[in-house]
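Working notes for the structure below.
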Amino acid sequence: MRYLDVADQLRTRLAGGDVGAGGALPSEAELGEDFGVSRVTVRRALEVLRRDGLVTSRRGSGWYAAADPVRQALGRVTTVEAALEAAGARPARRVLEFGFEPGPPEVVRALALDADAEVLRVKRLNLADDTPFALVTVWLPAALGAEISRAEVEVATFYDLLPLRGVQLGRAVQQIGADLATADDARHLDLAKGDAVLTARRVTSDLAHDPVLFSLHRYPAARTSVEIELASLAFEQPGRPAAGRAAHRTERTSHAQG
C-alpha cells in the first residue's frame with residue numbers, strides 16, 4: 001500500500017469523526033500495524049494530511065485531528081489571545097527574540113521615524129492548545145520600548161502594556177495577504193517550507209494619529225480565517241441610477257492584534 005493510499009483512508013476516517021479523545025489519532029506504530037505498512041509510510045501519509053490542514057502533531061504526544069480554523073473578525077480591534085479564547089482554544093505565547101536594533105526601512109516608514117532611528121523588535125510565537133498558531137514580529141519606537149521589559153511581553157499584549165505607559169491607542173490599519181512558508185516559518189509553525197501562510201501587516205496609531213506599533217503576522221493558512229460583515233448589500237443593475245450603485249473601494253480594516 002502506498003502512502004497516498006494510507007492518506008486517503010485516514011482522510012475518510014477523519015471525515016467520519018473516527019478519532020480518539022481530544023481528537024487523538026492512534027500512534028504511528030499502531031497505524032502501521034493497522035494498514036500493514038512501515039512507520040515511514042505512515043509518517044509520509046500523515047505529512048500529506050498535515051499539509052492539507054487535516055492533522056497536527058504535538059511534540060511528545062502524537063498526532064491529532066486539526067481543529068476548525070480560528071475565525072478572526074475584521075473591522076474591530078482584538079488580540080490573538082482573544083480570538084483563540086473565543087474559538088474555545090487555550091492561548092499561550094512564547095517570546096523568541098527581544099532587543100533593540102536600527103529600524104529596517106519598511107519599519108521606519110511605517111512608524112514615521114527618521115531613517116537612522118532605533119526600534120524595539122519583539123518576535124513571538126502564539127500557540128493554540130500547544131499548537132503553533134501565529135508567528136508575530138512587532139516593532140515600536142525605542143522611546144516606548146525602553147519602558148517595556150521582556151518579562152512583560154511574555155505575559156501581556158502591547159495593547160495592554162502601552163496604555164499603562166500613558167499611550168492612548170486610537171486606530172489600526174491592516175493589509176492581509178498570502179505567502180509561502182519560509183524556512184523560519186516552517187521551523188516555528190510546524191509547517192513544510194513552501195506551505196501556504198496567511199499574512200497581516202498592521203500599523204497601530206495613538207489618538208493623535210502617530211504610529212506607535214508596526215507588526216507582521218504569519219499564520220498557517222489552514223489554522224485561521226478572516227471574516228468581514230457587510231452591513232448592507234447594493235447590487236448594480238442595468239438602468240439603475242448611479243447614486244444607487246455600490247461604490248468600488250479598497251477595504252482597509254481597523255482590526256489589529258497586539
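The values are calculated or read from the model by the stated rules, or taken from the named source; none is laboratory data. Predicted model only: the values in this text are computed from it and were never measured. All Cβ positions, glycine included, derive from the backbone under ideal geometry; neighbour counts span all protein chains shown.
Rundown of residues vs (1) out of contact with any helix residue (DSSP H, G or I) (no Cβ under 8 Å at 6 or more places or on another chain); (2) within 26 Å of Gly88 (Cβ to Cβ); (3) of a type outside the set (Asp, Glu), yes/no style:
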| position | (1), (2), (3) |
| --- | --- |
| Leu4 | no, no, yes |
| Ala7 | no, no, yes |
| Leu10 | no, yes, yes |
| Ala15 | yes, yes, yes |
| Glu28 | no, no, no |
| Phe35 | no, no, yes |
| Ser38 | no, no, yes |
| Arg44 | no, no, yes |
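Among the residues of the range 134-143, is any outside any loop (DSSP other than H, G, I, E, B), within 17 Å of Val80 (Cα to Cα), at pLDDT below 95 and within 16 Å of the chain's Cα centre (by Cα)? Let's see the steps before the verdict.
At the first step, the residues of the range 134-143 found to be outside any loop (DSSP other than H, G, I, E, B) are 134-143.
Now narrow it down to the ones that are within 17 Å of Val80 (Cα to Cα): 134-139.
Narrowing the set further to residues that are at pLDDT below 95 leaves 134.
If we keep only those that are within 16 Å of the chain's Cα centre (by Cα) too, we end up with 134.
Yes, the range 134-143 contains a residue that is outside any loop (DSSP other than H, G, I, E, B), within 17 Å of Val80 (Cα to Cα), at pLDDT below 95 and within 16 Å of the chain's Cα centre (by Cα).
Name the residue that is surrounded by the most Cβ atoms within 10 Å (Cβ to Cβ), counting only residues in the range 162-194 that are assigned to a loop (DSSP other than H, G, I, E, B) and in contact with a strand residue (DSSP E or B) (Cβ under 7 Å, 6 or more places away or on another chain).
If we take residues in the range 162-194 being assigned to a loop (DSSP other than H, G, I, E, B) and in contact with a strand residue (DSSP E or B) (Cβ under 7 Å, 6 or more places away or on another chain), then Leu191 is surrounded by the most Cβ atoms within 10 Å (Cβ to Cβ).
Here are the criteria: (1) crowded, with 16+ Cβ neighbours inside 10 Å; (2) of a type in the set (Lys, Arg); (3) modelled with pLDDT under 95. Tell me which single one Arg218 does not satisfy.
With (1) crowded, with 16+ Cβ neighbours inside 10 Å; (2) of a type in the set (Lys, Arg); (3) modelled with pLDDT under 95 applied to Arg218, the lone miss is (3).
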